Amino acid sequence: WMAPELINGAQQEPTEETLSFAIGMITYYMLSYRIPFQDLRGADAGMRILEGYRPNVNIADESQYWDVMAACIDGEKEKRPTLVQLKRVFQGPNPEGTNEQTNDESADVETFSSTIEKIARKEEEAAEGEKEEEKKKDSVE
């Protein structure tokens, strides 16, 4: 899947931003089980992308990855997440349970922070729910 800036020739070589766009389209496919613009031929899909069209986002799906996908296919390449940011989102917290960045992963996450915060809140809520369930089990025993 080509980003708009590759389709219109504004860029000749893939960049981190164009890869982010492609990852967004693949993420759409994985979440929806539908090929983006599946009713269109390649050139027609490219024209639709240039016109600003994007695949429909199924908001009813609770997956945190819809927000990630939407950020990846943003028409403004500067708003797309970096590959480091995507890696962190897809991998989740490291095995020790922290989200600290190493020196080589010190990318600016401000443009992507709202998605990361949503993911962290959902993880915290899930962990709290599990703790409550364990307390209920312990009190029954």
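Results, tabulated for the structure shown:
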item: Sum of side-chain charges, THR18 neighbourhood, beta-carbon under 14 Å (Lys, Arg +1; Asp, Glu -1); result: -4
item: Surface accessible to a 1.4 Å probe, per residue, for the residues of the range 1-84, Å²; result: 59 Å²
item: Calculated FRET value between GLU16 and GLU51, using beta carbons and R₀ = 22 Å, to 0.05; result: 0.35
item: Separation of the ARG41 and TYR29 label points, Cα + 7 Å toward Cβ, nm; result: 2.0 nm
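The values are calculated or read from the model by the stated rules, or taken from the named source; none is laboratory data. Just so it is clear, the structure is predicted and the values come from calculations on it, not from any experiment. Methodologically, a virtual Cβ is constructed for each residue, glycine included, from the backbone with ideal geometry; neighbour enumeration extends over all protein chains shown. Each accessible area value is taken on the protein alone, full model and side chains, heavy atoms only, with ligands, DNA and RNA left out. Shrake-Rupley method; radii C 1.70, N 1.55, O 1.52, S 1.80 Å.
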